[in-house]
């Protein structure tokens, strides 16, 4: 269920398109973010797989004319400094949230799940987390965010995290797994914008950088 929902987020397309077996495979290769153990090797292995997928599959979001010269996505080096313990506080009421996208006039509906509270350099921060509206089991948190690198070193619209729900409310936010939506690579895609509550005033020097092609 959870990887199917991640796929729905990534496959936010302006035109009518269905997700493919290639994209299913990409999602299934994601490192296990339910495991609190930081693992550089697993992160690098996934990045290599994703680069190969983007370069060679017909369903790649990289424009066809740019695939031959595509050398891989730019990333920060994996660092345990941005694998952060967090506490989840669930919303008392499951309200819906209408989120604008990069396509003018288009909105997506999510369910407000709650907040993730965490500390970086002795300062407390909060990110709003959402459920995908069609997630009947509510087993995945969707966390869009921006930070002080957005529009400079990272994609200006923002980046996303998909975090499996854990029963005890104690989470690890692994910013090394922060990824760009497909609209970062191709204008044929649209993606949800980051709500103002999720704009962090610090640099998150982890995860995927701004595309350099």
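A short reminder: the numbers here are calculations on the coordinates, not readings from a lab. The structure displayed is predicted, hence computed values, not measured ones. Reconstructed Cβ throughout: ideal geometry from the backbone, glycine too, with neighbour counts over all protein chains shown.
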Exercise for the section: Once you have the Cα-Cα distance between residue 39 and residue 68, take 0.36 nm times their residue separation minus that, and quote the gain in nm to one decimal. Expected result: 7.4 nm
Practice task
Find how much the distance from residue 187 to residue 46 grows on full extension, using 0.36 nm per residue of separation minus their present alpha carbon separation; answer in nm with one decimal.
Solution key: 48.3 nm
Exercise for the section: Determine the distance separating the Cα centre of the stretch 58-97 from the Cα centre of the stretch 132-204; give it in Å without decimals. Expected result: 6
Fill in the blank from the handout: The residues 127, 200, 44, 141, sorted from fewest to most surrounding Cβ atoms within 10 Å, come out as 44, 200, 127, 141
Problem - Segment residue 106-residue 166, length gained on full extension (0.36 nm per residue, minus Cα span) - result: 18.4 nm
